[in-house]
Amino acid sequence: MDYDSNKFQKMLKNLIDEAKKNLPKVDEDLISRAFYYSLEAHKNEIRASGEPYITHPYEVALIVAEEFPVDDVTVASALLHDVAEDTDFKIDTIKKEFGNEIAEIVDGVTKISDIFRGHEITKAENYHKFLLSIIKDIRVILVKFADRLHNMNTLEYVNPDKQRRIALETLEIYAPLAHRFGLGKIKWELEDLAFKFLNREAYEDLARKLQSKRKDRENYIKKFSAPIIEKLKEYNIKYELSGRPKHFYSIYLKMIKRNKPFEEIYDLFAVRIIIDSDDPSSCYTVLGIINLIYLPVQDRFKDYIALPKTNNYQSIHTTVVGPEGRLVEVQIRTKKMHEVAEKGFAAHWKYKENKTTTDKDVENWVNWIREIFENTNRDDQRRDLIDNFKLNLYQNEVYVFTPKGDLKRLPQGSTPVDFAFEIHSKIGEHCIGAKIDGKIVPLDTQLKSGDQVEIITSKNHHPNKNWLKFVKTSKAKNEIKKWINKEEQNLIQKGKEIWERKLKKLKLNFSNEDLMKIIHTHKYDNSKQFFKAIAQGLLNIDDILTVKQEKEDKEKQKEIQFNKFANSLRGEIGGILVDGKKSSILYTYAKCCNPIPGDPVIGFITVGEGIKIHRKNCNNLINLSISDSSKLVNVQWPETENNLFVVGILIRGQDRPGLLNDISHSIVTYQNTNIKSININTQDSSFEGNVAFYVQNLEHLNRIIERLKKISGVTSVERFESALQ
Ligand code: MN
């Protein structure tokens, strides 16, 4: 090949000129060497277009110099990017010739091409590889973007099958990725090109329509802009004003998503004002000027300068009512913001004060990329990778519309409930249903970009705990929780009031302990849950109180019964002996332990009540004697005939014919003693009774108790003692 041919010299000169225009420092010799090396390596190849292969790396390098003006090394790497892949020249020779840095970028581009092929990148391990390679050197992905853009620009020369495959890959992988990197211009170009090859009919139809409207449109923009331009001149603001270019694919998507004809979508005019100043405050000055001339539309104002998008996009968006009442969207931004919007982080390099690339800069960029991916893909192992990949690249947001056409931005996965709370907390609180594009949908439906959402409200409807399972925005979550809390507090209060009113009405006394017992009997953890259940009607207060009252009545009954029993025994035996003798000293039986004949007893001298007779093991007595043991008096029950004493037992079980007989038989016949009294109550199929009989000693009693326990139907046998014990 003739290296000196005019054509190649011209190409090289053009490339170097372009690089010099955009880069602070250009090693002309490096670019020249890379150009001729590539030319030599590819000398036997031709492109599908029939042109020499060098046109491809050359165009890619040109795109890099224009769109990603990072450094001359990237430009040289772009020239060499296909050498290792397509020719006999290996990475090692590139390394020898151009050094490590360039060799690694070229190697990275080669490897990344493999990863990108088909949907390989959506496999976890390849995705990981990809992340590693771009973290290592971001320039790899920039060259790859430029490579893909040029391939898309020349796609018409390859066969239709390949066209489709490459176009799809571009739309699904490269365009979202470009967006993620903040490379707005590349993203739109890739999308429009992919669209053209994937749906040529729709593309050409759109192109025709755009063309036919062009004159109208230009005239209108002129009319709209004239008063603004006048004012800008007055304020001495340097600017560039243009009717914003509309991207085919975005118009097409809008038509599909909103199911509206081209005319309606395209009716929204758009103007962009780029200010020739680095001072963001000038954007607000321009905004003020525009608002002086045209009426702004409420809720259509977005300040991405104060709050940049996740990919660092900055701009002011406002919509105003233009001549003839037509809506015009105006974007206002500085030149720098515009470059960032179009060229992503490559633009930051250009605007750095110190125009050399240092390790620190690379580190910053790498950290930025790492952050994007780590924040969005932490659990990519678990989720469906391909969906996740696309989803995360297209920001984590959906754009939906109110019935009036106002745009709302929500996190991906948001539902009509999120949307409702986004509009107003009152709308969310009374939300009962939703329509998407006029059709009723479940409240947990995930919204998609372009959906028009209408919320149906009802005064009597309120947030539901289940909503927390599907809402995405923290606003909705907080509002729902707040509401549930408030409602719970109200319920608890209401339940408490019902409870207290009832107690008052029934004149019942309830200690805190009584209440806690009841709460636990009914298996509630705390009083809040208990009161809530009452308010919700889950617990019948009357039932609880009847049980409590019955229990109290029963205990009272038992106490009366026992007192009667104890008094009769005491009377029968002839009272107590003080120090072995019948005594005239006043004595009474202590209510705390209610001793009966047979119990070991002791006396305690009191003021006014004579000697109190306690059981020896009475807790009360033990406490009293600790404080004053001198007041203890020796007392005994008188001896009975045969040294027998009376005991009472309480017996419970299931009633059956012949039971009473079995009980008395067990006591009298087997244990050789006499029953003093027997008292059985049956209720439904169960019985409860007490039996008093004579025993010789404790062992005798225990034998009888064991005997009674063996009777079929008997479930419990215990000594009949005061309920107070
Ligand atoms: Mn290539």
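The values are calculated or read from the model by the stated rules, or taken from the named source; none is laboratory data. Keep in mind it's a predicted model, so treat the numbers as computed, not measured. FYI the Cβ positions are ideal-geometry reconstructions off the backbone, even for glycines, and counts take in every protein chain you see. Remember, those area values only see protein heavy atoms, side chains included, never the ligands or the DNA or RNA. Shrake-Rupley method; radii C 1.70, N 1.55, O 1.52, S 1.80 Å.
On the basis of being among the charged types (D, E, K, R), outside any loop (DSSP other than H, G, I, E, B) and open to solvent by less than 70 Å² (accessible area, probe 1.4 Å), does Lys475 make the cut?
In short, no.
I need the full set of residues from segment 38-70 which are more than 14 Å from the ligand (Cβ to nearest atom) and in a helix (DSSP H, G or I), in order please.
Leu39, Glu40, Ala65, Glu66, Glu67
Please enumerate the residues belonging to segment 413-435 that are open to solvent by 20 Å² or more (accessible area, probe 1.4 Å) and in contact with an Asp or Glu (Cβ under 6 Å, 6 or more places away or on another chain).
If the condition is that a residue be open to solvent by 20 Å² or more (accessible area, probe 1.4 Å) and in contact with an Asp or Glu (Cβ under 6 Å, 6 or more places away or on another chain), then Ser425, Lys435 are the ones that fit.
Which one of Leu659, Leu621, Leu650 is outside the structural domain of Lys710 (by TED's automatic domain parsing) and among the aliphatic types (A, V, I, L, M)?
Result of the check over Leu659, Leu621, Leu650: Leu621.
Mind checking which pairs have a first residue in segment 705-716 that is without any contact (Cβ under 8 Å) to a residue 60 or more places away in the chain and a second that is open to solvent by less than 30 Å² (accessible area, probe 1.4 Å) and hydroxyl-bearing (Ser, Thr, Tyr), Cβ under 6 Å, 6 or more apart or different chains?
Every condition considered, the pairs that remain are Arg707/Ser666; Leu708/Ser666.
Being surrounded by 15 or more Cβ atoms within 10 Å (Cβ to Cβ) and of a type in the set (Gly, Ala, Ser), is that true of even one residue in segment 209-224?
Taking every residue of segment 209-224 in turn, none turns out to be surrounded by 15 or more Cβ atoms within 10 Å (Cβ to Cβ) and of a type in the set (Gly, Ala, Ser).
Considering every residue within segment 492-504, establish whether at least one is small (Gly, Ala, Ser), within 36 Å of the chain's Cα centre (by Cα) and within 30 Å of Arg409 (Cα to Cα).
no
Tally up the residues in segment 153-170 that are within 13 Å of the ligand (Cβ to nearest atom) and buried (at least 19 other Cβ atoms within 10 Å of the Cβ), please.
2
Filter segment 91-123 for residues that are modelled with pLDDT under 80, more than 16 Å from the ligand (Cβ to nearest atom) and out of contact with any helix residue (DSSP H, G or I) (no Cβ under 6 Å at 6 or more places or on another chain) and give the result.
Gly118, His119, Lys123
Could you tell me how many of the residues in segment 3-27 are open to solvent by less than 30 Å² (accessible area, probe 1.4 Å) and part of a helix (DSSP H, G or I)?
8
Quick grid of which residues meet (1) at pLDDT 90 or above; (2) away from the ligand (no atom under 15 Å from the Cβ); (3) outside the structural domain of Lys336 (by TED's automatic domain parsing):
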site	(1), (2), (3)
Leu142	no, no, yes
Phe145	yes, no, yes
Arg148	yes, no, yes
Asn151	yes, no, yes
Ile173	no, yes, yes
Leu177	no, yes, yes
Gly182	no, yes, yes
Leu193	yes, yes, yes
Leu206	no, yes, no
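Return a yes/no flag: does segment 579-590 have any residue that is loosely packed, with under 11 Cβ neighbours inside 10 Å, of a type in the set (Gly, Ala, Ser) and not in a helix (DSSP H, G or I).
Yes: one or more hits.
I need the full set of residues from segment 708-725 which are in contact with a strand residue (DSSP E or B) (Cβ under 9 Å, 6 or more places away or on another chain) and modelled with pLDDT of 80 or more, in order please.
Within segment 708-725, Leu708, Lys709, Ile711, Ser712, Gly713, Val714, Thr715, Ser716, Val717, Glu718, Arg719 qualify.
On the basis of being of a type in the set (A, V, I, L, M, F, W, C) and surrounded by fewer than 17 Cβ atoms within 10 Å (Cβ to Cβ), does Ile91 make the cut?
Yes, satisfied.
Scan segment 78-88 residue by residue and report those that are open to solvent by less than 10 Å² (accessible area, probe 1.4 Å) and either in a helix (DSSP H, G or I) or at pLDDT below 90 (or both).
Ala78, Leu79, Leu80, Val83
Here are some conditions: (1) open to solvent by less than 20 Å² (accessible area, probe 1.4 Å); (2) within 15 Å of the ligand (Cβ to nearest atom). Leu30 meets all but one. Which one does it not meet?
So the condition that Leu30 fails would be (2).
Suppose the filter is part of a helix (DSSP H, G or I), within 16 Å of the ligand (Cβ to nearest atom), touching a residue at least 60 places away in the same chain (Cβ under 8 Å) and hydrophobic (A, V, I, L, M, F, W, C); does Val75 pass it?
yes
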